[in-house]
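One structure is given here, and the rest of the page talks about it.
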Amino acid sequence: MKKTPEARMVLLRRSLLGAPLKITPFRPINPSYPAARMIAELDYALELARNTDESLLPEVENAIAHAEKTFAAEKTIAMSHVSEIEDMLPGCRAIAKDYTLLCVGHAHIDMNWMWRYDETVSITLDTFRTVLTLMEQYPGFRFSQSQASVYRIVEEFAPEMLPAIKARVAEGRWEVSASTWVEGDKNMPSGESFARHLLYTRRYLSDLLSIPGESLCLDFEPDTFGHSRNVPEILADAGIKYYYHCRGNDTEVLYRWRAESGREVLVYRDPTWYQCTVGYDLARRVPYTAKTYGMNDVLMIYGVGDHGGGPTRRDIERILDMDGWPVAPRYRFSSYKEFFAACE
């Protein structure tokens, strides 16, 4: 029986990368660069053909067959072999850049998970210093940070850092994605507590960072374990338009959450989680997601988390590199607001 292109890609991936059958953000692999690039571009080409234009399948199958023969003969993959594969995919190259992966740098900082508050302070300040340094080195790099509490840490323990953060906020490279004091529980607190979170956070950050209160229109809750049915009602009343989460409601990625009153927010449930490693296989899901939701922009959140850290130099370098691949989507440093604007 003839193997499907998908089955052949599984076998080729295992041969070239020594990879598990299922690659996840928490099981990164470290193959040689040419092999990883070849597999990534072939995976993306196959997904383009399946979800965009099935007439491209023959050229993708020919490229897969050529990769199989090359590896069988050479026992290795070099950049010259990658170029050969890229040249065999003219149809895929013609539409590859129709899609964009919006890359949002993020640092997940648990305020008190398994450490004391003094460690949280250290984590926050180290992370922010790293981000500011990376912004100096990479002019296109952008970053988003939630939780008013971490900005309070800067104000209290490193106020000399505030002017630099405010300057990056003003130029649009540092997005303030906080509408609550912490990324808190959405089930147990009362409506009054929830409302005060929103009110006090908006007042505080607007004054501290000299930004308009209405710019704080995203409730970023990646690690929240439950979401009360009253959430969209309260958020809409507070001027919040967008909601981001990971846990809960695993049926949809992009949807409108409507309260019984009719008030609603636009919601994104991240299918790749909020601590994504920038690996070479990220583009695989782009064509399917774009087709499913009728848009050409797909979101990716990346950065070291739980204990802070945020985007790394390797993450940024990989994004810049992959953006230049001919059989890959565009990669653009972006923000949550840019993504939700595309959704609207």
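The values are calculated or read from the model by the stated rules, or taken from the named source; none is laboratory data. The structure presented is a predicted model; accordingly, all values stated were derived computationally and were not measured. Quick reminder, even Gly has a Cβ in these numbers, built from the backbone with ideal geometry, and neighbours come from all protein chains shown. Surface accessibility is based on the protein's heavy atoms, side chains included, excluding ligands, DNA and RNA. Shrake-Rupley method; radii C 1.70, N 1.55, O 1.52, S 1.80 Å.
Projecting the Cα atoms of Val176, Leu11, Val82 onto the charge dipole of the chain, computed from C-beta unit charges around the Cα centre, puts Leu11 farthest toward the positive end. Note that the range 179-285 presents 46 Å² accessible area per residue, ligands and nucleic acids not counted, probe 1.4 Å.
Taking the accessible area of the chain, probe 1.4 Å, and keeping the other protein chains in place, the carbon and sulfur fraction comes to 51%.
For the residue pairs Lys2/Lys75; Lys97/Lys166; Lys3/Lys69, the C-alpha atoms sit more than 22 angstrom apart in Lys2/Lys75; Lys97/Lys166. Electrostatic tally near Thr224: other residues with Cβ closer than 11 Å to its Cβ, Lys and Arg +1, Asp and Glu -1, net -3. The convex hull of the Cα atoms of the chain, projected and averaged over all directions, covers 18.9 nm². With respect to the chain, whose longest principal axis is taken over its alpha-carbon atoms, helix 117-137 is tilted by about 50°.
When the Cα positions of Gln147, Phe220, Gln137 are compared along the charge dipole of the range 118-252, Gln137 comes out farthest toward the positive end, with charges on each C-beta of Lys, Arg, Asp and Glu. Taking the 0 to 90 degree range and rounding to the nearest ten, how far is the long axis of helix 313-323 tilted relative to the main principal axis of the chain, both from C-alpha atoms? Taking the Cα atoms of the chain, the angle to 313-323 is about 50 degrees.
Other residues with beta-carbon under 12 Å from the beta-carbon of Gly248 carry, at +1 per Lys or Arg and -1 per Asp or Glu, a net charge of -1. Largest first, the residues His81, His108 sort by 1.4 Å accessible area into His81, His108. Classification of the range 172-319 by its C-alpha gyration tensor yields an oblate form. The axis ratio a/c (a ≥ b ≥ c) is 1.5 or more, and b/c is at least a/b.
Relative to the longest principal axis of the Cα atoms of the chain, the long axis of helix 57-74 lies at roughly 70 degrees.
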